[in-house]
Amino acid sequence: MSIEFFKRLGWFVVLCLAQVLILNHIHLFDIAIPLLYVYFTITFRRGMPKWIILLWSFALGLAVDVFSNTPGLASGSMTLLAAVQPYLLELFVPRDSAENLEVSISTLGVGKFIVFSAILLMVYCLVFFALEAFSFYNWQHWLTCAGASFALSFALMMAIESIRKR
Amino acid sequence: MSNLLDFLRKYHHWLLFVFLEVVSAVLLFKYNSYQGSAWLSSANVAVGKMYEVESGVTSFFSMTRANEELTLRNFYLERQVDQLRRLYSEVTHDTTVIERQTLQFLNQYKLIPAKVVANTVHKPNNLMTIDKGAADGVEVNMGVACGNGIVGVVYLVSEHYSVVIPALNATMSRISCSIRNSNYFGYLHWSGGDPAIAYLEDVPRHARFKKGEWVVTSGYSSIFPSGVLVGQIEKVFNSADGLSYKLQLRLSTDFSCLRDVCVISDRRVAEQAKLLEAARDSMALTNRNR
């Protein structure tokens, strides 16, 4: 059990509790929900075995689901995001960078990190709300919810990342 | 064969991805089934325990408000007991009897607890529905009160529900109230607008009172016992014809968040009502014969 495992476990517990006890109760204008636990998947380092990323993300999604009474919703979306994250990261790493590069503002640079996390977060919000509604009948509402939650979660995530940078 | 194994080894994470997505989909689709949802839902023991701890913490923060309401209620009840004790000792000249017979006074009032199931506060004529009816002993013209004061009068009764005319009804609610510790009485009238403000009309001009004094039910109607809180005097106006006072009261009952009420059934009401009825009939008869 390496130190990395315990650090991941720590983030898992903190993000799960923060989401379930505090953030799940925030429904801004009845459409936006901050989804901070996506930060967990975004910050997996380059080169981490993909099956580990998948299992961790699925577990966090499942934990949040169990508390929110929505089995399968967050776990499905998180698994999809975990499948996509390594491939997207390859597009954003600077040339000649280390094989086990950590993902943060200091390693990727502000601009690249913002775009990288924004793409992942947007994909997550779209998939999450699509699964939640389970139909595209009212697509304007789907887009509004996804967009508003994205904005709120993105702001929160940038705040946390800028604190970590220091 | 070895090509297949090589392929699997290279892309094994995709198999895991498909497997996990299938698990998520199964969970999602089985959500409505009893077994699936009960297992994974918040009935789960660990989750339940954590929510219990969290609600213990959050309910602690609303203790102060619950405490304030209980203290006020306590204060009012102590005053009422004090008043009853003095009254009884005046009548019987025996101050020790009350200790033996404390509960007998309140025995004549039977309280039926009920919950409000429908309520409005912003119409000019509001009506309220409670979840007790004829099967529970509720009858028309019984008074309804709550922990903070009066609520209204029962208007219609069915087997399991009743409709109550609350004090916030401009055309039909006229409850007889008096200023506490004096015998001056008037009628409570609500004229729409703020659900916390009502007016006590026909208070004689020689009545003495102060702002902030409590107004309670007078006991002159057969509907409410005397001493049930109505509100506090806020402002004093002259009545329209200048012959009496019109007091603006802040109602002690919060009609907009009412949930627990009790219906007061006074066993002597039937006798009192019949007597009044008989008196009116006999007067009408005398007038006709004149």
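The values are calculated or read from the model by the stated rules, or taken from the named source; none is laboratory data. What you are looking at is a predicted structure, and each value in this text was computed from that prediction instead of being measured. Using ideal geometry, Cβ is built from the backbone for each residue, glycine included, and neighbour counts are taken over all protein chains shown.
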* Asked: Within the stretch A:130-166, which residues are within 14 Å of another protein chain (Cβ to nearest Cβ) and without any contact (Cβ under 8 Å) to a residue 60 or more places away in the chain?
  -> A:A130, A:L131, A:A133, A:F134, A:S135
* Is at least one residue of the stretch A:132-146 under 23 Å from A:S162 (Cβ atoms) and assigned to a helix (DSSP H, G or I)? -> no
* Structure fact -> In the set B:V215, B:V236, the lone residue that is touching a strand residue (DSSP E or B) at 6+ places or on another chain (Cβ under 9 Å), at pLDDT 80 or above, crowded, with 17+ Cβ neighbours inside 10 Å and at negative phi is B:V215
* Which pairs do you get when a residue that is free of Cβ contacts under 8 Å to residues at least 40 places away in the same chain, found in the stretch B:10-23, comes within reach of a residue that is surrounded by 13 or more Cβ atoms within 10 Å (Cβ to Cβ) and basic (K, R), reach meaning Cβ atoms under 7 angstrom, with the pair 6+ apart or on two chains? -> B:H13/A:K50
* Residue check for A:W11: hydrophobic (A, V, I, L, M, F, W, C), touching a helix residue (DSSP H, G or I) at 6+ places or on another chain (Cβ under 8 Å) and within 14 Å of chain B (Cβ to nearest Cβ) -> no
* Residue check for B:G231: within 21 Å of B:Q83 (Cα to Cα), in the same structural domain as B:L188 (by TED's automatic domain parsing) and touching a helix residue (DSSP H, G or I) at 6+ places or on another chain (Cβ under 7 Å) -> no
* To do: Please enumerate the residues belonging to the stretch B:175-206 that are over 24 Å from the mean Cα position of the chain (by Cα), at pLDDT 85 or above and at negative phi.
  => B:Y184, B:V203, B:P204, B:R205, B:H206
* Going by the structure shown, is B:Y187 in the same structural domain as B:E139 (by TED's automatic domain parsing) and either without any contact (Cβ under 8 Å) to a residue 40 or more places away in the chain or closer than 17 Å to B:R79 by Cα (or both)? -> yes
* Looking at B:G227, B:G231, which is the one that is within 19 Å of the chain's Cα centre (by Cα), touching a residue at least 40 places away in the same chain (Cβ under 8 Å) and assigned to a loop (DSSP other than H, G, I, E, B)? -> B:G227
* What residue, among those in the stretch A:74-98 that are β-branched (V, I, T) and not in a loop (DSSP other than H, G, I, E, B), is farthest from the other protein chains (Cβ to nearest Cβ)? -> A:V84
